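Take a look at the structure set out below.
The values are calculated or read from the model by the stated rules, or taken from the named source; none is laboratory data. Quick caveat: nothing in here was measured; it's all calculated off a predicted structure. Ideal geometry is used to build each Cβ from the backbone, glycine not excepted, and the neighbour counts take in all protein chains shown. When the accessible area is computed, the model is the full protein with side chains, heavy atoms only, and any ligands, DNA or RNA have been set aside. Shrake-Rupley method; radii C 1.70, N 1.55, O 1.52, S 1.80 Å.
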Amino acid sequence: IHGRLLTAWSVAGVLGPVLINYFRDSQLAAGVARSAVYDKTMYVLVGLLVVGFIANLLVRPVAQRFFMTDAELADERRRAHDIAAANAVRADAPVQGVTAVGDAGTQGMVYLAWIGVGIPILWGVWITLQKVLVLFH
């Protein structure tokens, strides 16, 4: 259900503004006054809300045949516990490939990673500041 929900939000997030802009532009092209441009658009949006409401009413609960039995659920929990126990790592166990906390190779990789992340962020901040200066001048 999460995939469907995220897909619906994404489609609405993209198509909603496109639909509104299309109606606005068509109203302006037809010579409708700017103060009345959104009148018909609101009726279209009300219609879309009604369609969404009806779609929500049509959603039915999952059939009982798709649920796990108690035995299947217990087996799945036991399997998940066994996998988690097999993959558990002690907190004080040394990490493979790192000899010490201050290892020079590890520190160099950390610095490179921060440079790789920091440069684009700083570039974005610089561009934003330039645009803000232009906006306020």
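Structure above, values below:
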read-out	value
Members of region 31-45 that are surrounded by 10 or more Cβ atoms within 10 Å (Cβ to Cβ) and either among the β-branched types (Val, Ile, Thr) or assigned to a loop (DSSP other than H, G, I, E, B) (or both)	Val32, Val37, Tyr38, Thr41, Val44
Pairs with Cβ under 6 Å, 6+ apart, first in region 112-137 and at positive phi, second open to solvent by 90 Å² or more (accessible area, probe 1.4 Å) and in a helix (DSSP H, G or I)	none
Of the criteria (1) at pLDDT below 90; (2) of a type in the set (S, T, N, Q); (3) open to solvent by less than 70 Å² (accessible area, probe 1.4 Å), which one Ser26 fails	(1)
Filtered residues of region 69-94 (kept if open to solvent by less than 100 Å² (accessible area, probe 1.4 Å) and either modelled with pLDDT under 75 or not in a helix (DSSP H, G or I) (or both))	Thr69, Ala88, Ala93
